[in-house]
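A.B. asks: Take a look at the following structure, please.
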């Protein structure tokens, strides 16, 4: 999410943006678009205008609380029942016969973990099958449910392994950006994966991150801090 603001100075433009977006300086990346204008004899009396783009870091977007409805116990029970019926049938038709699953209710979300000896085909290349299955489960779970219940799927501990790989990648990319003094644009990632990268590099005092593009091709850009 990004917004453009104007001011007579860079700081004035930034402060105006922070106030309007109701966020702190730590919650945004700043890109100066027009730091100085070319001044001529004919426009020397024209007020100087500085434009900045404030890019809200992922995970800091403001949610409209009026649009958030906590699911009731009845909705959670119905969602769980829908998921159980689907998974029992789905797993019985898979080639791997020793698969099992567990469903946990945490903070009104349903966490599903599938375990087995051979679960690679349920994960796919960089989790593409897992992510698609999670979307399907969310749709099935919320059939006939009054308040939406979020479903989060994990298969064979994949998400923990993927998170470690992404954190290692973030450190490696940051090192390259610092060494070569050039920005690097990563390959498209899911919002879950991008959040891990953003979170990891918030600890780094020399680089900053922001996202560009539209889903499902949204990417992270890692660059040197000004």
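The values are calculated or read from the model by the stated rules, or taken from the named source; none is laboratory data. The structure presented is a predicted model; accordingly, all values stated were derived computationally and were not measured. In this analysis, Cβ positions are derived from the backbone assuming ideal geometry, glycine residues included, and neighbour counts consider all displayed protein chains.
A.B. asks: Give, as residue ranges, the helices (runs of 4 or more DSSP H) completely inside segment 92-189 that count at least 2 residues that are within 24 Å of residue 211 (Cβ to Cβ) and at pLDDT 90 or above.
C.D. replies: The helices (runs of 4 or more DSSP H) meeting that bar are 128-141, 158-180.
A.B. asks: Filter segment 96-107 down to the residues that are surrounded by 15 or more Cβ atoms within 10 Å (Cβ to Cβ) and over 16 Å from residue 81 (Cβ atoms) and list them by number.
C.D. replies: The answer is 99, and nothing else.
A.B. asks: Based on what the data block shows, is residue 45 surrounded by fewer than 11 Cβ atoms within 10 Å (Cβ to Cβ), at pLDDT below 80 and not assigned by TED's automatic domain parsing to the domain that holds residue 147?
C.D. replies: Yes, satisfied.
A.B. asks: Does at least one position in segment 162-169 carry a residue that is out of contact with any helix residue (DSSP H, G or I) (no Cβ under 6 Å at 6 or more places or on another chain) and touching a residue at least 40 places away in the same chain (Cβ under 8 Å)?
C.D. replies: no
A.B. asks: For segment 203-224, give me each residue that is at pLDDT below 90 and assigned to a loop (DSSP other than H, G, I, E, B).
C.D. replies: 203, 213, 214, 215, 216, 217, 218
A.B. asks: Which number in (1) surrounded by 16 or more Cβ atoms within 10 Å (Cβ to Cβ); (2) over 21 Å from the mean Cα position of the chain (by Cα) marks the one condition that residue 159 misses?
C.D. replies: Unmet for residue 159, out of (1) surrounded by 16 or more Cβ atoms within 10 Å (Cβ to Cβ); (2) over 21 Å from the mean Cα position of the chain (by Cα): (2).
A.B. asks: Take segment 111-139 and flag every residue that is surrounded by 14 or more Cβ atoms within 10 Å (Cβ to Cβ) and within 19 Å of the chain's Cα centre (by Cα).
C.D. replies: 111, 126, 127, 129, 130, 131, 133, 134, 138
A.B. asks: Regarding segment 128-150, can at least one residue be identified that is more than 30 Å from residue 69 (Cα to Cα), touching a strand residue (DSSP E or B) at 6+ places or on another chain (Cβ under 7 Å) and in contact (Cβ under 8 Å) with a residue 40 or more places away in the chain?
C.D. replies: No, segment 128-150 contains no residue that is more than 30 Å from residue 69 (Cα to Cα), touching a strand residue (DSSP E or B) at 6+ places or on another chain (Cβ under 7 Å) and in contact (Cβ under 8 Å) with a residue 40 or more places away in the chain.
A.B. asks: Related question: Within segment 140-151, count every residue that is surrounded by fewer than 16 Cβ atoms within 10 Å (Cβ to Cβ) and under 18 Å from residue 190 (Cα atoms).
C.D. replies: Qualifying residue count for the region: 1.
A.B. asks: For residue 225, state whether it is in contact (Cβ under 8 Å) with a residue 40 or more places away in the chain, out of contact with any helix residue (DSSP H, G or I) (no Cβ under 9 Å at 6 or more places or on another chain) and surrounded by fewer than 20 Cβ atoms within 10 Å (Cβ to Cβ).
C.D. replies: no
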